[in-house]
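Here is the structure we will look at.
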Amino acid sequence: MIYKDDQPIGTSFINKDILSLRQFDSSSILKVFKRTATFKKKTAVSLLSTLRGKVIALIFYEPSSRTFGSFSAASKRLGANTIEYINPQAYSSVSKGETLADTVRTVSNYADAIVIRHPTKGAAAEAAFFSPVPVFNAGDGIGEHPTQALLDMFTIYEKFGRLHNLKGLMTGDLLNGRTVHSLLQGLSYFKGSTIYLLSPKSLRLEPEFVAKLKSKIKLVEITKDSEIPADCDFWYWTRVQKERFSDLKEYERTKHAFIVTEKLMREKAKKNMILMHPLPRVGEIETAIDSDPRAVYLTDEMKNGMYVRMALLSMILK
Ligand code: NCD
């Protein structure tokens, strides 16, 4: 069974599931950003009453540092409590054979919202089908990672004041990268941008996905870093997704096909650009770049993740 994951947000976020960037349009995205910017300016104490009395469940079937940590922190900073199921395959009744549907129905008795990460594409939509409380997709296999895309877009928006007429570069595992799928979908709602796509041949975006987006956003596939235009506003680097490979030799062959080096930054990155990465990085950005003011992956991008998730939680649960 294929579960629906594209119910439009429309004019109200209240009680909606957040499963895919396909639910959004430019105006719903900008609404999230307005709330995010407001929250960033508020004091910690003044935010605490926002979701007082609520309980958010985090169910993570796949490893996570940032998404888990920032959803947990976002809930607590708004005054909510969390129930955290980390690795439920080992530590919950999932190990006894409980289905996703039953786990979700169980947890929805305790919590006002469920944040779920799962290795299977479509699992968050399945969870939402069975859950009477809103579900947030925190990454479903190679599918989507909508809250990551929103925080990436917010980071671009905060820097350039717009999401249209941008020139961007997306590099790495474009085939298996769920953040890439969500981000491209989101950027396609804003006119006039061109995105250069750099990846090993075997890890290119799926042609059907490119075909769907092509009428909305200009996508240019390139194969060598020498082809990167020197005037991009942002670079979005990603790791090659080892856990999605059946052939580890192929992973080894492609994992470091493209690396951000100081030389590459000197030759191809303009002064006023930003270098983003959803993290974790596993060698594809040299650590020497971390102190470059254009590198935002360990700073603004990550912090924005918490604030964007605070905005979404408050808009859906209030
Ligand atoms: C990403 C993910 O899990 O999809 N990480 C994240 O949530 N920030 C990217 C990745 O794992 O490569």
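Only one of these is among the charged types (D, E, K, R) and within 16 Å of the ligand (Cβ to nearest atom): ARG117, ARG77. Name it.
ARG117
What pairs come out if I take residues in segment 68-94 that are under 23 Å from MET302 (Cβ atoms) and pair them with residues that are of a type in the set (Lys, Arg) whose C-beta lies under 7 Å away, six or more apart or interchain?
Pairs found: SER70/ARG309; PHE71/ARG309; ALA74/ARG309; GLY79/ARG52; ALA80/LYS54; THR82/LYS76.
I'd like to know if segment 135-153 contains one or more residues that are more than 22 Å from ASN176 (Cβ to Cβ), away from the ligand (no atom under 16 Å from the Cβ) and in a loop (DSSP other than H, G, I, E, B).
The answer is no; no qualifying residue exists.
Return only the number of the condition from (1) in contact (Cβ under 8 Å) with a residue 12 or more places away in the chain; (2) in a helix (DSSP H, G or I); (3) farther than 28 Å from PRO146 by Cβ that MET315 does not satisfy.
MET315 satisfies all of (1) in contact (Cβ under 8 Å) with a residue 12 or more places away in the chain; (2) in a helix (DSSP H, G or I); (3) farther than 28 Å from PRO146 by Cβ except (3).
Where the second residue is at pLDDT below 95 and buried (at least 18 other Cβ atoms within 10 Å of the Cβ) and the first is on the phi < 0 side of the Ramachandran plot and lies in segment 49-67, which pairs have Cβ atoms under 7 Å and are six or more apart or on separate chains?
ILE59/PRO88; TYR61/PRO88
Among (1) free of Cβ contacts under 8 Å to residues at least 24 places away in the same chain; (2) under 18 Å from ARG294 (Cα atoms); (3) within 16 Å of the ligand (Cβ to nearest atom); (4) not small (Gly, Ala, Ser), which single condition is TYR251 missing?
(2)
Does LYS271 qualify as being more than 15 Å from the ligand (Cβ to nearest atom), among the charged types (D, E, K, R) and free of Cβ contacts under 8 Å to residues at least 40 places away in the same chain?
Here the answer is yes, as LYS271 does meet what is asked.
Quick check on segment 217-234. Is at least one of its residues touching a residue at least 60 places away in the same chain (Cβ under 8 Å), open to solvent by 20 Å² or more (accessible area, probe 1.4 Å) and either within 16 Å of the ligand (Cβ to nearest atom) or on the phi > 0 side of the Ramachandran plot (or both)?
Checked against the condition, which is being touching a residue at least 60 places away in the same chain (Cβ under 8 Å), open to solvent by 20 Å² or more (accessible area, probe 1.4 Å) and either within 16 Å of the ligand (Cβ to nearest atom) or on the phi > 0 side of the Ramachandran plot (or both), segment 217-234 yields no hits at all.
Among the numbered criteria (1) polar (S, T, N, Q); (2) more than 16 Å from the ligand (Cβ to nearest atom); (3) modelled with pLDDT of 95 or more, which one does SER70 miss?
Going through (1) polar (S, T, N, Q); (2) more than 16 Å from the ligand (Cβ to nearest atom); (3) modelled with pLDDT of 95 or more one by one, SER70 breaks only (2).
Somewhere in segment 299-306, is a residue among the β-branched types (Val, Ile, Thr) and crowded, with 20+ Cβ neighbours inside 10 Å?
Taking every residue of segment 299-306 in turn, none turns out to be among the β-branched types (Val, Ile, Thr) and crowded, with 20+ Cβ neighbours inside 10 Å.
Count, please, the residues in segment 70-85 that happen to be part of a strand (DSSP E or B) and of a type outside the set (Phe, Trp, Tyr).
Number of matching residues: 4.
Within segment 34-56, which residues are among the charged types (D, E, K, R) and closer than 24 Å to MET153 by Cα?
LYS34, ARG35, LYS40, LYS41, LYS42
Given the conditions (1) within 16 Å of the ligand (Cβ to nearest atom); (2) touching a Phe, Trp or Tyr at 6+ places or on another chain (Cβ under 6 Å); (3) over 27 Å from GLU252 (Cα atoms), which single one is not true for THR171?
For THR171, the failing item is (3).
In this structure, does LEU30 turn out to be of a type in the set (A, V, I, L, M, F, W, C) and either in contact (Cβ under 8 Å) with a residue 12 or more places away in the chain or touching a strand residue (DSSP E or B) at 6+ places or on another chain (Cβ under 6 Å) (or both)?
In short, no.
Which of the residues that make up segment 240-297 are open to solvent by less than 20 Å² (accessible area, probe 1.4 Å), of a type in the set (A, V, I, L, M) and in a loop (DSSP other than H, G, I, E, B)?
Correct list: VAL240, ALA269, MET273, VAL296.
Being under 29 Å from ASN176 (Cα atoms), open to solvent by 50 Å² or more (accessible area, probe 1.4 Å) and not in a strand (DSSP E or B) narrows it down to one of THR67, THR120, so name that one.
Result of the check over THR67, THR120: THR120.
Every residue in segment 172-198 that is of a type in the set (Ser, Thr, Tyr) and either assigned to a helix (DSSP H, G or I) or under 15 Å from the mean Cα position of the chain (by Cα) (or both), please.
Result: THR179, SER182.
Can you give me the number of residues within segment 95-109 that are surrounded by 12 or more Cβ atoms within 10 Å (Cβ to Cβ) and of a type in the set (Gly, Ala, Ser)?
Within segment 95-109, residues that are surrounded by 12 or more Cβ atoms within 10 Å (Cβ to Cβ) and of a type in the set (Gly, Ala, Ser) number 2.
The values are calculated or read from the model by the stated rules, or taken from the named source; none is laboratory data. Remember, predicted model here, so these are calculated numbers, not experimental data. A quick note on method: Cβ atoms are made from the backbone with ideal geometry, for glycine too, and the neighbour counts reach across all protein chains shown. Each accessible area value is taken on the protein alone, full model and side chains, heavy atoms only, with ligands, DNA and RNA left out. Shrake-Rupley method; radii C 1.70, N 1.55, O 1.52, S 1.80 Å.
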